[in-house]
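Throughout, read-outs are computed from the coordinates displayed, never taken from laboratory work. Predicted model, so just to flag it, every value in this text is computed and none were measured. In this analysis, Cβ positions are derived from the backbone assuming ideal geometry, glycine residues included, and neighbour counts consider all displayed protein chains.
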Amino acid sequence: MGQARQRKLQAEKFEALDRTWLLSLSSDERQVVEVASRIHQKLVMEGGMWGGCYHLSFFLKRYLKKQRNIEVDVIVGWVGEDSWQGVASHAWVELGGRKVDMALSRTEDPQTLPTGSFILLDRVLLQGMADYRYYREIPEHAKEALIQLALAPGTAATSRLARQRHRQMLAMVDDETAIDQYLASVAGGMDYCNLALLAGLSLE
């Protein structure tokens, strides 16, 4: 599906948001929905950002804490779907155990890595090509596939770097200072302040 079609579908989804659902949310939940929706629309759909699961999750966590005094959890775990046996490292945000995933709806090559859904507090706002399952730990069925990737000459180096990156991100989830340092050090205009600016989010 083309990106223009995806944007149109997302706009339709937002227009059709169940008012009853929105009204049922707490003030904190509505603010999470508002901020995550803006990040997804401006940075992912319009800005073309892909592969930013760690970055967007940590940014959302720190923005909500700094600007709205709302605590959310970043989960650095794994996702998998039926077209392949393994799993991929992935990050998402949770509020009260309910998932917010802003990153899987755009991938570098949807034919190789199918897009996933844009999810707000467990509610699917934009349906992806694949139905991903989320895991906090590597599931048993995927361990052999990951071992093969780590051993094969063509994928060993990439697999090693991916594991290192996963461990690095996992170590930061409860360390606000480390997250702030990470968000301040990112090159290419993707630091904390510029992300807020690009997403049209205010900074006080």
Legend entry - Label-point gap, in nm, between E34 and S202 - each point 7 angstrom along Cα→Cβ: 0.9
Inset, instruction - Have a look at L113, L121, L43 and tell me which one the Gaussian network model of the chain (Cα, springs below 10 Å) gives the largest fluctuation. - result: L113
Legend entry - Sequence-separation-based contact order of the range 3-199, relative, with Cα cut under 8 Å and 6+ spacing, percent: 20
Inset, instruction - With r as the distance between the Cβ atoms of Q67 and D122 and R0 = 22 Å, compute the FRET efficiency 1/(1 + (r/R0)^6) and round to 0.05. - result: 0.40
Inset, instruction - Estimate the FRET efficiency between T112 and A171 by the formula 1/(1 + (r/R0)^6), using the beta-carbon distance for r and 30 Å for R0, to the nearest 0.05. - result: 0.55
Legend entry - Helical contribution to [θ] at 222 nm, DSSP H n ≥ 4, -39,500 (n - 2.57), averaged over the chain, rounded to 500: -14500 deg cm²/dmol
Inset, instruction - Using amide H atoms built 1.01 Å from N in the peptide plane, name the residues 5+ places from R98, or on other chains, whose amide H lies under 5 Å from its own. - result: none
Legend entry - Under the Karplus curve 6.51 cos²θ - 1.76 cosθ + 1.60, θ = phi - 60°, whole-Hz ³J(HN,Hα) for the range 56-61, x wherever Gly or Pro sits: 5, 5, 5, 4, 4, 4
Legend entry - Additional length obtainable on full extension of the chain from T20 to Q164, 0.36 nm per residue less Cα span: 47.5 nm
Legend entry - In degrees, nearest ten, helix 156-172 long axis to first principal axis of the chain (Cα): 40
Legend entry - Qualifying trypsin sites (Lys or Arg not before Pro) for the range 114-204 [loop in DSSP, other Cβ within 10 Å: at most 14]: R136
Legend entry - Long-range HN-HN contacts of L126 with modeled amide H, under 5 Å: F118
Legend entry - Calculated from backbone phi, Karplus (6.51, -1.76, 1.60) coupling profile of the range 70-84 in Hz, x at Gly/Pro: 10, 9, 10, 9, 8, 10, 9, x, 9, 10, x, 8, 6, 7, 8
Legend entry - Virtual spin-label span in nm between D180 and D82, 7 Å along Cα→Cβ: 4.6
Inset, instruction - Please work out how many pairs of lysine residues in the range 3-199 are eight or more positions apart (or on different chains) and have Cα atoms closer than 21 angstrom. - result: 10
Legend entry - 0 to 90° range, to nearest 10: angle between helix 3-15 axis and the chain longest Cα axis: 40
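Hey, what does the equivalent ellipsoid look like for the chain, semi-axes from the Cα gyration tensor as sqrt of 5 times each eigenvalue, largest first, whole Å? List each step's numbers first, then the result.
Values: eigenvalues 147, 86, 54 Å².
Computed over the chain, the values are 27, 21, 16 Å.
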